[in-house]
Amino acid sequence: MADEPLDTDDAEPKDEPQARPADEAPAEAQPEAAEATAPEATAPEATAPEATAPEATAPEAAAPEAAAPEAAAPEAAAPEAAAPEATEAAEPEPEPEPEPEPEPHPVVAALLARFGDRITDEGADQLGTPIARVDASDLTEVLSWLRDDEAMDFNYLSNVTAIDWTDRDPRFDVVLHIYSIPMNHRLTVKTGCADGEGVPSAVDVWPAANWLERETYDLYGIEFLGHPDLRRVFMPEDWEGFPLRKDYPLEGPNLELLTRQQAAFRGGRFDRIRGEYEINEQEREMAGPGVVGALWTPQPDEPDESETTHGDETGPS
């Protein structure tokens, strides 16, 4: 029994832990060592919160941005800093000097130089024609000077009309438009006229005023004192009222005469509206109450029976 060889394979494992140096530790021991040092290797994981600390402190880093409006507050307060300038600007400024009045038209300037404060400069109309106002008592003198003065030489009266202001005193403006053919300049002359009063006629200055003043009298009822033949020129002499006055009724006050006038035109008898004429039965019916603007048409003549028969006989077969 003592001579049997020893089983070295079984003995070696028992002696290896004691015989091998510590550096040559078994492979099984190394994993344990790795596990023992694992906490050191995972230390970065433990410090991960420190690595993410910047994220946690991100609001602090953004705090300057959030505080940016506070930093910009001085800029917002800039108007307060400029407030003294605003108060200085709010101080009353000196009143601007009034603009000089425009120079009057040369024709009006000549009138002012000749007649002084008896002439009122009213500027010019939309076409640039100067306007001068004169009192009715000075009208004839002013018009005569405008005609006779060599620099003025107003030798043409182009129109006479009126303006009804209704509620103004004086109610009417009589307007004369005059023109100088040699000098090629125009002027509008205005004068006031109260209702029921008149203005001097310009017939002695310009004979063409005859018909023009009659027209103004006919439609506005303004009298022209000194006119040689002041009577209606459009409306019949017995017409009631003046059609271009603003208070004239639209339907016309004289219904009978209005209807008779229309009937005369339609019937071809124009002489009916000139002088006395008694209306017939048909016209009297047209002139009844509530009938305005009816037009009378003459009845056609009845055809001759003989002419009708003759026409049938000689007609085409």
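For the pair D167/W211, report the inter-label distance in nm, with labels modelled 7 Å from Cα in the Cβ direction.
That separation, rounded to one decimal, is 3.8 nm.
Suppose R0 equals 25 Å. What FRET efficiency, 1/(1 + (r/R0)^6) with r the Cβ-Cβ distance, do D117 and V175 give to the nearest 0.05? Present the calculation step by step, with values, prior to reporting the outcome.
Values: r = 21 Å, r/R0 = 0.85.
E between D117 and V175, to the nearest 0.05, is 0.70.
Can you give the FRET efficiency to the nearest 0.05 for K246 and W145, using r as the Cβ-Cβ distance and R₀ = 22 Å?
Numbers: r = 34 Å, r/R0 = 1.53.
With a Förster radius of 22 Å, E is 0.05.
Note down the relative contact order for the range 106-236 as a percent, whole number, built from C-alpha pairs under 8 angstrom at least six residues apart.
Values: 242 pairs, mean separation 25.8, N = 131.
Value for the range 106-236: 20 percent.
Using modelled backbone amide H atoms (1.01 Å from N, in-plane), which distant-in-sequence or interchain residues come within less than 5 Å of I119's amide H?
HN-HN under 5 Å from I119: empty list.
Values in this text are rule-based calculations from the coordinates and carry no lab data. What you see is a predicted model, and the numbers here were worked out from it, not measured in a lab. Glycine also receives a Cβ, built like all others from the backbone with ideal geometry; neighbour counts cover every protein chain displayed.
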